[in-house]
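For reference, the structure discussed in these notes is given below.
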Amino acid sequence: MAIEFVTIPFSHYCEKARWALDRVGVTYIEHGHLPIFSRLATKRMGAGNTVPAVVADGKIVADSTAIVAWADARRPGALLPTDANERAAALALEDTFDEQLGPATRRWAYYYLLPNKAVMRNVTANGVPTWQARTFRMFRPLAAGAIKRGLKIDTAGAERSRQKIETVFAQVNALLADGRRFLVGTSFSVADLAFASLAAPILVPPQQKFGMAGPQIYAGEARAAVEAWRATPAGQFALRMFATER
Ligand SMILES: N[C@@H](CCC(=O)N[C@@H](CS)C(=O)NCC(=O)O)C(=O)O
């Protein structure tokens, strides 16, 4: 039976959960919402404030980390390594990416993309009810203002986020320096999935949907930063994960 999957379609945490569900072959019906509206949906289902959230067998599984664990339980070992040490290492990396990388890439991407009317129009037009897309378009400056305030998106915040991204990328570059193919062990795990999906807003892999395919969505200094991140070992690694494991 299909499960219900509530998302903001272009959210990288939702992509993390979607990738996990796809990986284990779970059938789901995705209910996409735009920011602000997503809270109405999660409230209605009795989940917290954020997406992704899943309803399966009448139970709510909220938070991408819980959804990955739920998905792995459907096909044990598909995402969480079965070896205890590897599992602990993969989960620790997932935590770092969830807590450090995800908020930083989101703030940095919003800082540069929110003012771009054409890109935002494209990004917010897909996978959500038409009335939401239309309302968002109509009240774009208001909605953009609310997102900016909610996520503290300003020049100083974008710079702090850039530094955080650099720190996490340096950590991943260091792991990859020994030539390993995956971040933990010898096969794909939640560590690879979490890094690639949460870095996606600043790497813009071609496999991404929702109007976010390709670095051309950025201009000027942001485009240059994106190209530089894509060229790092960590950037190349994430792009390879999207190309071969997504
Ligand atoms: N720790 C959460 C973070 C999820 C998250 O931050 N979701 C954002 C979208 S990227 C959200 O739902 N924002 C809407 C809101 O806060 O109203 C997870 O891993 O699922």
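Below are the figures for this structure:
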| quantity | calculated |
| --- | --- |
| Straight-distance crosslink candidates among lysines, where the alpha carbon sits under 22 Å from residue 209 and sequence neighbours closer than 8 are dropped | 16, 117 |
| Paramagnetic reach from residue 155 in segment 222-246 [backbone N under 16 Å; point 7 Å along Cα→Cβ] | 222 |
| Rounded to whole Hz, the Karplus (6.51, -1.76, 1.60) HN-Hα couplings of segment 103-112, x for glycine and proline | x, 5, 5, 5, 5, 5, 5, 4, 4, 8 |
| Segment 48-139 - percent relative contact order, Cα under 8 Å, separation 6 or more | 10 percent |
| Amide H contacts under 5 Å for residue 11, placed H, 5+ residues apart | none |
| Extreme residue, positive dipole direction of segment 40-148, given options 131, 114, 96 (C-beta unit charges) | 131 |
| Note, ³J(HN,Hα) from phi for segment 142-158, Karplus 6.51, -1.76, 1.60, rounded to Hz, x at Gly and Pro | 5, 5, 4, x, 5, 5, 4, 5, x, 9, 6, 9, 9, 4, 5, x, 5 |
| Descending principal axes extents, segment 3-74, alpha-carbon based, whole Å | 30, 25, 19 |
| Segment 111-246 - percent relative contact order, Cα under 8 Å, separation 6 or more | 26 percent |
| Virtual spin-label span in nm between residue 142 and residue 228, 7 Å along Cα→Cβ | 3.9 nm |
| For segment 33-105 and segment 1-25, distance of Cα centres in Å | 9 Å |
| Per-pair calculated FRET efficiency, R0 = 35 Å: residue 84 and residue 236 via Cβ, rounded to 0.05 | 0.70 |
| Rh by Kirkwood over Cα pairs, then Stokes-Einstein D for the chain at 1.306 mPa s and 10 °C, µm²/s | 87 µm²/s |
| Distance (nanometres) between label positions extended 7 Å along Cα→Cβ at residue 45 and residue 2 | 1.3 nm |
| Sites residue 95 and residue 167, calculated FRET efficiency, Cβ-Cβ separation with R0 22 Å, nearest 0.05 | 0.90 |
| Percent RCO, i.e. relative contact order, over the chain, from Cα pairs under 8 Å lying at least 6 residues apart | 22 percent |
| Net charge contributed by nearby residues that have their C-beta within less than 13 Å of residue 186 (K/R +1, D/E -1) | -2 |
| In Hz, Karplus ³J(HN,Hα) per residue of segment 78-85 (6.51, -1.76, 1.60; θ = phi - 60°; x = Gly, Pro) | 5, 10, 9, x, 7, 5, 4, 5 |
| Contour excess over end-to-end distance, with Cα ends at residue 130 and residue 244 and 0.36 nm allotted per residue | 37.7 nm |
| Cα convex hull of segment 162-246 - mean projected area over all directions, nm² | 5.3 nm² |
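Just so you know, all these numbers are worked out from the coordinates, no wet-lab data involved. Note that the coordinates shown come from a computational prediction; the quantities given were computed from them, not determined experimentally. As a convention, Cβ positions derive from the backbone with ideal geometry for all residues, glycine included, and neighbour counts pool all protein chains shown.
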